[in-house]
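The values are calculated or read from the model by the stated rules, or taken from the named source; none is laboratory data. Computed from a predicted structure; not experimentally measured. Here the Cβ positions follow ideal geometry from the backbone for every residue, glycine too, while neighbour counts run over all protein chains shown. Ligands, DNA and RNA are excluded from the accessible area calculation, which covers all protein heavy atoms including side chains. Shrake-Rupley method; radii C 1.70, N 1.55, O 1.52, S 1.80 Å.
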Amino acid sequence: MENFRGNFWIDKPAKIRYPISMQIRNIGILAHVDAGKTTLTEQMLFASGAINRPGRVDDGTAHTDRLAIERRRGISVRAACTAFSWRDVRIQLLDTPGHADFAAEVERALWALDGAVLLIDAADGVRPHTRALFQALQSARIPTILFLNKLDREGADPARALHEAQKQLSPRVADYADAEALCALVAEEDEAMLESYLSGGIPARGELLPRVAQMTRDCTAFPALRGSALRGEGVRELLDAIVDLLPPPQGDCEEAPSGVVFDVEDGGALGLAALVRLFSGTLRNRESVRVRVGARREECKITQIRSIALSGKGADVGELRAGEIGRVFGLAGARVGSAIGEAEPPRLGNLREPLMMARLGAENADDHALMAALERLQVENPLLDAALYGGAPHVRLMGAMQLDVLTEDLRERFGILAHFDPPTTVYRETIRESATGFVAYTMPKPCWAVIELRIDPLPRGSGVQFESIVPVRDIAARYQHQIEQAIPLATRQGMLGWQVDDVKITLTGGNHHLIHTHPLDFIVATPMAFLDGLRRGGSVLLEPILELTLYAPAECAGRVISEIVAMRGEVLQTDAEGEDMRLLARAPAAETFDFPRRLSAITNGRGAMAQSLVGYRDCPPGIEATCPRRGVHPLDTSKYILAARSALAGGIFDE
């Protein structure tokens, strides 16, 4: 006798025969801020019968706004995962933040998705952040359908919004309710359909939809639906489209486990909960699994696996199978971005780099307690990069909104009343001219590591390159490998205290000792040799440059351009977009921190902006910035060696 359980048909005793992956959809809801993502999620939950009445963002009753700050402010700051059923399909949904300060939440949510719904406000149309989200989805090859929301809003014009989507996102956006538009879309890839279309014949919708579904899953078509999440209009049609058009997960439960940790939450008495998207294999309670954290691999024993549920807590389900998302406990060393299993997950990328840094203190706690709280928060948000610089706690930030959220997190979760100094830009540095660095780390015994490095400047955007021209008879291959491994540590802070970039580091000389060389001596010595060379060659300060896409009413364009010029920026392109002007510009990040507020004031709230890092350039004369040291300076040799040896003895190195 066969039974259906969760995601698989099984024989008794519980032997998996084959996956029915058609029974799952892993999707995300994405949009620019205030487009109605959370409201739409509430209406989906209501339509599916998961809740008796939809919550309201303004009332603080939305089910996926689980943090106190989200309920109080009516904005999402964390991606929230929930689940419900529609037409016997389990939909696992991630409701993502829309504010640009929390873009990293969206980026890591993409690791877990098989499909997405991109919302567009039918009154506001396609905003700069909408374009950025669409580009991110396409870069990750995530099939996407559009939902033109807020048809109930004054000024809503779905036809104009659809036209903007076709112009600014993709010409292959098509009205899902328009059979002729769908036919024209399919005809671009089907000669028989093209002949029928040109002769005036429109196939039945049932004939069109399988082709549209395949094109959607191939990311060559982007069907657009419309409705009003606030009124629940168009929600059922959207749910049908999710089931019909977006792909089920792929993966075999019989293969070796492969997954990714895309979020980490506080699980209360159970400890940290790793939100895992499993791409292949099966994880079970009380079994061990390999977890890769950075360059380290750890063996972890799973204590419990809980389902994704409306409350966020879920039930103990005992196992997680290919295609599913679950909350896994017992992965003590796991962090956001950790890979589960031996195989590389198919979707895992780097998170964007925060460009601001702030020092903080507390009125009612010492630095030790403050750092302990920050380290807990950093498990959930690794981009905080909390560390002691010059002996004081510092964190990295994406924007001003994140400061407010972090302040409230520290107060509500840890009872710490924190205060922040004004944020500063995170600069980089490079070497001014080629130079050679040298160290002979031979005291105090036992140790022996002699290194000579040549450091050459590279063009902007080249990154850090390493090469060795030393024969293994002088420095054994394993020690040369250690030197290469230590390069990220050596370049983390240069002479000005910033990360060093755009250099080529060549190992040109040195030696090891058959008796006195300790296995980790070359890791200790590499930063000393590198900083010696950087000191000789001199440092050049580099500032981050942002590309800005701005929309402003035409009558405000002149003032916006003046602001850009005042920020040491340049306008690259201007285009008319109906009654608005679209401007493409570049400006230093240091000048743009408060620009969104000024843009809103200039345009009476009608302006919009998206930004992205395009690279670094030399700072103009007169701009100076240094960063406090994180740990002991490698050129303060005696203190550094003692600190490094102590750190290595503890299994860490200034982390």
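Quick grid of which residues meet (1) in a helix (DSSP H, G or I); (2) under 20 Å from GLU353 (Cα atoms); (3) without any contact (Cβ under 8 Å) to a residue 60 or more places away in the chain:
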position	(1), (2), (3)
LEU93	no, no, no
ALA103	yes, yes, no
ARG131	yes, yes, no
LEU151	no, no, no
GLY155	no, no, yes
LEU162	yes, no, no
PRO171	no, no, yes
ALA174	no, no, yes
Among GLU207, GLU188, the single one that is touching a helix residue (DSSP H, G or I) at 6+ places or on another chain (Cβ under 8 Å) and within 26 Å of ASP114 (Cα to Cα) is GLU188
Quick one: in the range 564-583, which of the residues that are charged (D, E, K, R) and modelled with pLDDT under 95 is nearest to ALA161 (Cα to Cα)? GLU577
Tell me the strands (runs of 3 or more DSSP E) entirely within the range 258-332 that contain at least 2 residues that are without any contact (Cβ under 8 Å) to a residue 12 or more places away in the chain, farther than 16 Å from ALA112 by Cβ and open to solvent by 20 Å² or more (accessible area, probe 1.4 Å). 296-301
Which fully enclosed strands (runs of 3 or more DSSP E) of the range 380-485 have 3 or more residues being farther than 15 Å from LEU370 by Cα? 428-431, 435-441, 449-457, 464-468
Using the structure shown, decide if GLY251 is of a type outside the set (Asp, Glu), free of Cβ contacts under 8 Å to residues at least 60 places away in the same chain and outside any strand (DSSP E or B). no
Could you list, in sequence order, all residues of the range 389-402 that are crowded, with 16+ Cβ neighbours inside 10 Å and closer than 27 Å to GLY494 by Cβ? TYR389, PRO393, HIS394, VAL395, ARG396, LEU397, MET398, GLY399, GLN402
Can you say whether ILE523 is among the hydrophobic types (A, V, I, L, M, F, W, C), touching a residue at least 12 places away in the same chain (Cβ under 8 Å), open to solvent by 10 Å² or more (accessible area, probe 1.4 Å) and part of a helix (DSSP H, G or I), as far as the supplied structure shows? yes
Name the one entry in ALA440, ALA372 that is within 30 Å of LEU507 (Cα to Cα), without any contact (Cβ under 8 Å) to a residue 12 or more places away in the chain and surrounded by fewer than 18 Cβ atoms within 10 Å (Cβ to Cβ). ALA440
For the range 365-403, give me each residue that is of a type in the set (A, V, I, L, M), more than 14 Å from the chain's Cα centre (by Cα) and closer than 25 Å to VAL33 by Cβ. LEU377, VAL395, ALA400, MET401, LEU403
Residue tally, condition open to solvent by less than 40 Å² (accessible area, probe 1.4 Å) and farther than 24 Å from PRO620 by Cα, over the range 416-437: 3
What pairs come up if the first residue lies in the range 454-482 and is among the hydroxyl-bearing types (Ser, Thr, Tyr), the second is surrounded by 13 or more Cβ atoms within 10 Å (Cβ to Cβ), and their beta carbons are under 7 Å apart, counting only those six or more places apart or on different chains? SER462/ASP502; SER468/GLN480; SER468/LEU507; TYR479/HIS512; TYR479/PHE522
